[in-house]
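Each reported figure results from applying straightforward, stated rules to the coordinates on display, with no laboratory input. Model, not experiment: these values are computed from the prediction. Positions of Cβ are backbone-derived with ideal geometry, glycine not excepted, and every protein chain shown enters the neighbour counts.
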Amino acid sequence: MVDTLGSISYSLILGAGLDYYTGLKTLKGIIGSRASATLMNSVTGGPYGLWRDFLYKKTKTTEKSSKIKKYLVDLVAFNIFQVPIYGLAVGIGGLVQDGELNFNKMIKGYKNLALLSPLIGPTMGLYMNYFRKSFKVSTSEKRATNTN
């Protein structure tokens, strides 16, 4: 639940600006994209948190690991998991805005998010860890040290 809330709120904060840049120029298009992203994040937020936990454990990335290692693990987690979801949200936003599924906008969304992922992916990881700590839930780094 905590990862779902973190994922939804992070997406709402950053997504509208990225949607506008991607080509969703109307309020209707941006609301359509954010609504679909919120719906998707309500389903995928928890699994994304588990995915991050898995990658942190698999790569043995703990609280003692370097910032570079944590950055890279969050970057990989984000690109594999979140970029495809964002492209789909842009597609749905375009469908709401223009009445048609525009694959060019979807591809532009994939590309834009992939290009911005070195900033967005790791900051999303930090944001989700902040959310976890706020609700007294173990971070991915702490979970990687547990052998259970």
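Things worth noting here:
- Using alpha-carbon coordinates, inclination of helix 27-58 to the longest axis of the chain, degrees: 20
- Low-density loop cleavage sites - trypsin sites (Lys or Arg not before Pro) in region 36-78, where at most 12 other Cβ are within 10 Å (DSSP): Lys60, Lys64
- Seen from a random direction on average, the alpha-carbon convex hull of the chain projects onto 8.2 square nanometres.
- Extension gain from Asn79 to Ile13, taking 0.36 nm per residue of separation minus the Cα-Cα distance: 21.9 nm
- With contacts taken as Cα pairs under 8 Å and at least 6 residues apart, region 1-97 reaches a relative contact order of 42 percent.
- Other residues lying with their Cβ under 10 Å from the Cβ of Val137 contribute a combined charge of +4, Lys and Arg counting +1, Asp and Glu -1.
- Most fluctuating residue given options Gly94, Gly109, Gly17, as computed from a GNM of the chain linking Cα atoms under 10 Å: Gly17
- Which of Phe131, Phe78, Phe54 has the fewest Cβ neighbours within 10 Å, and the rest in rising order: Phe54, Phe131, Phe78
- Proximal charge balance of Lys111 [Cβ under 15 Å; K/R count +1, D/E count -1]: +1
- Summed side-chain charge close to Gly23 - residues other than Gly23 whose Cβ falls under 14 Å, Lys, Arg +1, Asp, Glu -1: +2
- Placing unit charges on each Cβ (+1 for Lys and Arg, -1 for Asp and Glu) gives the chain a dipole about its Cα centre, and among Val96, Thr123, Ser33 the Cα reaching farthest toward its positive end belongs to Thr123.
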